[in-house]
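Novice: Here it is, the structure, as structure tokens.
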Amino acid sequence: MPHWTALVTVLAILLYFYTGTRVSAARRKFGVPVPAISGNPDFERVFRVQANTLEWMPIFLPLLWLFAYYVSDIWAAVLGLVWIGGRLFYMVSYSEAANRRGPGFGIQAAACVVLLIGAVIGIISSLVHGA
């Protein structure tokens with residue numbers, strides 16, 4: 001059982017929940033009523049962090065689990081923590097200024113690329129070796 005990967009999955013979902021609570025707080029702070037998603041640049045950056053996290057979840061989670069299944073539970077979890085760290089860095093940086101979002105985005109994207117490459121290699125290896 002991939003227990004470490006399961007734990008990291010829960011952490012990633014908690015991160016997503018947290019970004020949603022930040023949007024609610026930003027709505028109140030910057031006076032942006034539901035259902036508006038624009039009108040205040042500070043709110044818009046907080047909103048985009050949440051939306052971008054949602055956009056990456058269906059990329060990250062399948063790759064995480066494919067890597068865990070075909071390569072390693074523990075290494076999938078480590079890469080998952082790197083992804084979460086990148087998302088947190090992205091959240092803090094982008095919330096302060098849009099032009100600061102790049103490094104955090106790059107970290108989480110790189111984690112996904114490594115998960116993708118590892119999963120593809122693991123799947124191909126499994127097919128070739130019949131395991």
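Novice: Can you name the condition, by its number, that Asn40 falls short on among (1) touching a residue at least 60 places away in the same chain (Cβ under 8 Å); (2) over 26 Å from Trp4 (Cβ atoms); (3) not hydrophobic (A, V, I, L, M, F, W, C)?
Specialist: Among (1) touching a residue at least 60 places away in the same chain (Cβ under 8 Å); (2) over 26 Å from Trp4 (Cβ atoms); (3) not hydrophobic (A, V, I, L, M, F, W, C), Asn40 violates only (1).
Novice: In addition: For Arg27, state whether it is in contact with an Asp or Glu (Cβ under 9 Å, 6 or more places away or on another chain) and open to solvent by 20 Å² or more (accessible area, probe 1.4 Å).
Specialist: no
Novice: Looking at the range 18-77 only, could you name the residues that are in a helix (DSSP H, G or I) and among the small types (Gly, Ala, Ser)?
Specialist: Our first condition is that a residue be in a helix (DSSP H, G or I); within the range 18-77, this holds for 18-30, 41-70, 73-77.
Passing the criteria: Gly20, Ser24, Ala25, Ala26, Ala51, Ala68, Ala76, Ala77.
Novice: Among (1) within 24 Å of Ile117 (Cβ to Cβ); (2) at pLDDT below 95, which single condition is Gly39 missing?
Specialist: (1)
Novice: Oh, and also: Looking at Ile59 and the list (1) open to solvent by less than 60 Å² (accessible area, probe 1.4 Å); (2) within 19 Å of Phe89 (Cβ to Cβ), which single condition is not satisfied?
Specialist: All conditions pass for Ile59, except number (1).
Novice: Just give me the residues in the range 78-93 being touching a residue at least 40 places away in the same chain (Cβ under 8 Å) and open to solvent by less than 30 Å² (accessible area, probe 1.4 Å), in sequence order.
Specialist: If the condition is that a residue be touching a residue at least 40 places away in the same chain (Cβ under 8 Å) and open to solvent by less than 30 Å² (accessible area, probe 1.4 Å), then Gly80, Trp83, Ile84, Arg87, Tyr90, Met91 are the ones that fit.
Novice: Going through Trp65, Trp75 one at a time, which residue ends up being surrounded by 16 or more Cβ atoms within 10 Å (Cβ to Cβ) and within 20 Å of Leu14 (Cα to Cα)? Before the answer, list the steps.
Specialist: Values: Trp75 fails: within 20 Å of Leu14 (Cα to Cα).
None of the others qualify; the one that does is Trp65.
Novice: Something else now. Kindly indicate which of Ile123, Ile107 is assigned to a helix (DSSP H, G or I) and either more than 14 Å from the chain's Cα centre (by Cα) or closer than 13 Å to Val8 by Cβ (or both).
Specialist: Selected residue: Ile123, the only one of Ile123, Ile107 that is assigned to a helix (DSSP H, G or I) and either more than 14 Å from the chain's Cα centre (by Cα) or closer than 13 Å to Val8 by Cβ (or both).
Novice: Kindly indicate whether Thr53 is of a type outside the set (A, V, I, L, M, F, W, C) and under 12 Å from Met91 (Cα atoms).
Specialist: Yes, satisfied.
The values are calculated or read from the model by the stated rules, or taken from the named source; none is laboratory data. Just so we're clear, the structure is a prediction, and the values are computed from it rather than from any experiment. Counting neighbours? That spans all protein chains shown, and the Cβs are built from the backbone with ideal geometry, glycine included. Surface areas here come from the heavy atoms of the whole protein model, side chains and all, with no ligands, DNA or RNA. Shrake-Rupley method; radii C 1.70, N 1.55, O 1.52, S 1.80 Å.
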